[in-house]
Amino acid sequence: MKKLNVSELKPGMRFTKPVYLDKENLFITSNTPITDSDLERLKRFGITEVLTHGDILVIDVDPERLETQLEDFIISTIVDEDLLPLKGIYDNLNRIKVQFSNLYKNTFALVQDVYRKVADDKVFDFGPVREQGETLADFVRTHNNLSYLILGMNNPGYYLYNQITTSTFYALIIGKLLDFSRPKMVDLAISCLVADVGMTKVPATISEKTDQLTDEEYKSILKHTIIGYQVLTQRIKIKNSLAVVALQHHERFDGKGYPQKIAATAIEENARIYAIADNFSALITNRPHRQRVLPHEAIKSMISMDVGKFDLKIVRTFLNQVSLYPVGSCVELSDKRVGIVLAANADKPLRPSIRIIKDEYGTFVRNLILVDLVKENHLFIVKALDLQEATSNS
């Protein structure tokens with residue numbers, strides 16, 4: 001490995017390979033920008049050299065690419081001292097962005113493989129599902145504010161596999177907030193990953209239909225929970241506590257769901273959690289029969305129109321974490337600046353902390369600008385925006 005003088009490192013620099021403090025201790029992963037706090041940490045510990053096999057990664061600064069790589073164009077991450085806790089949140093999310101993206105893609109690929117094999121009645125090894133469940137659980141247990149990265153993903157591919165992947169992340173976020181142990185988190189992850197295997201037995205002409213379903217087609221959809229449960233317990237032979245989410249995730253807290261019309265705590269806790277995560281993910285995702293809604297509208301729906309559907313205690317727990325304007329969603333402030341919600345303020349869900357991405361003239365900012373709406377009480381959120389539209393130059 002070649003040596004790099006710390007004095008030559010600058011904020012925003014990225015390398016094609018990981019950078020190490022020594023032969024064993026990682027400093028930053030590949031394609032991760034160095035921040036001011038990283039350099040301060042090196043200085044504080046008296047480190048004058050770091051090691052890497054890589055080279056400096058040159059970023060094409062074509063402004064037409066701003067919509068997909070906003071972080072790549074930040075040239076200064078210096079903020080006021082009172083905003084350093086927020087900067088710490090931003091730095092960590094930026095540091096784990098590549099790791100999260102890879103984890104999401106690997107989960108999507110696994111779900112796709114498993115569901116296709118179930119659809120074709122093929123035998124498969126369940127071990128990778130458990131391993132992925134452990135990886136997902138450990139990742140969510142380790143990191144906070146992950147909705148920022150989830151909502152920032154532009155996910156190609158079949159919507160059902162994206163739906164399962166995103167819902168699993170959100171379910172694990174809820175499990176973490178409920179202080180689940182690691183074994184409970186792993187079980188939650190596994191049960192979520194296979195929760196919709198029954199949908200593979202619904203003909204695509206029905207599941208992907210854009211017109212209104214007939215009564216018979218709707219009944220076919222309703223059967224997917226029982227079919228999924230039977231596949232998991234009889235064919236794959238996983239334990240009932242993992243398969244029950246497939247059976248119960250469309251039950252309602254008020255007893256008006258399906259297939260058994262059970263209510264309240266008769267519904268297993270993991271199924272109540274997944275129902276919330278699945279509903280939120282479904283609302284913010286384009287489906288064959290309808291367009292997605294903004295994350296803010298999804299939250300409003302879940303705490304108002306769909307009030308009888310969910311365990312409200314769990315919904316409130318979820319809301320405290322993701323905010324009424326969910327972490328990762330895009331908003332316009334009263335001074336016409338546009339930003340992405342970086343962190344929720346549990347006591348004041350209408351006043352989260354924001355990372356500004358556009359100034360009042362609609363120009364992308366090149367400095368890290370953070371706003372805590374609890375402290376900046378002269379500002380307020382005017383409206384929620386579509387993130388993809390707001391970050392597009394078209």
Report task. For Lys383, go through the aspartates and glutamates and keep the ones whose alpha-carbon is under 19 Å away, minus same-chain ones fewer than eight residues off. Result -> Glu297, Glu332, Asp335, Asp359, Glu360, Asp372
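What trypsin sites (Lys or Arg not before Pro) does the range 186-280 have in DSSP loop regions with at most 13 other beta carbons within 10 Å? Before the final figure, lay out each step's value.
Numbers: sites: Lys201, Lys209, Lys219, Lys223, Arg235, Lys237, Lys239, Arg252, Lys256, Lys261, Arg272; in loops: Lys209, Lys223, Lys237, Lys239, Arg252, Lys256, Lys261.
Those satisfying the criteria are Lys237, Lys239, Lys256, Lys261.
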Query raised in the report: Among all the aspartates and glutamates, which ones have a C-alpha under 12 Å from Lys117's C-alpha, if same-chain residues fewer than 8 places away are not counted?
Result: Asp125
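If a helix is a whole DSSP H run, which ones in the chain reach 30 Å or further along their own axis (Cα) and hold a mean Kyte-Doolittle hydropathy of at least -1.0?
Numbers: long enough: 97-119 (33 Å, -0.18).
Sorted by number, the helices that extend far enough and score high enough are 97-119.
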**Report entry** Cα gyration tensor shape of the range 75-181, rounded if a/c is under 1.5, else prolate or oblate by comparing a/b with b/c
**Finding:** prolate
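Using Cβ counts within 10 Å as a stand-in for footprinting exposure, how do Leu39, Leu350 rank, fewest first?
Numbers: Leu39 17, Leu350 11.
The order, fewest Cβ neighbours first, is Leu350, Leu39.
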Query raised in the report: Taking the Cα centre of each part, how many Å lie between the range 353-375 and the range 116-169?
Result: 31 Å
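Counting helices only, and only those DSSP H runs with n ≥ 4, report the 222 nm mean residue ellipticity of the chain as the sum of -39,500 (n - 2.57) divided by its residues, in deg cm²/dmol to the nearest 500. Mind dumping the intermediate values first?
On the way: 15 runs with 164 residues, N = 394.
Roughly -12500 deg cm²/dmol at 222 nm, from the helical runs in the chain.
Pop out the Kirkwood hydrodynamic radius of the range 96-322 from its pairwise C-alpha distances, inverse of mean 1/r, in Å to one decimal. Could you put the intermediate results ahead of the total?
Working: mean 1/r = 0.0568 Å⁻¹.
About 17.6 Å, per the Kirkwood formula over Cα pairs.
Read-outs throughout are calculated quantities, based only on the coordinates presented, and are distinct from any laboratory measurement. All values derive from a computational prediction rather than experimental measurement. All Cβ positions, even for glycine, are placed from backbone atoms using ideal geometry, and neighbour counts span all protein chains on display.
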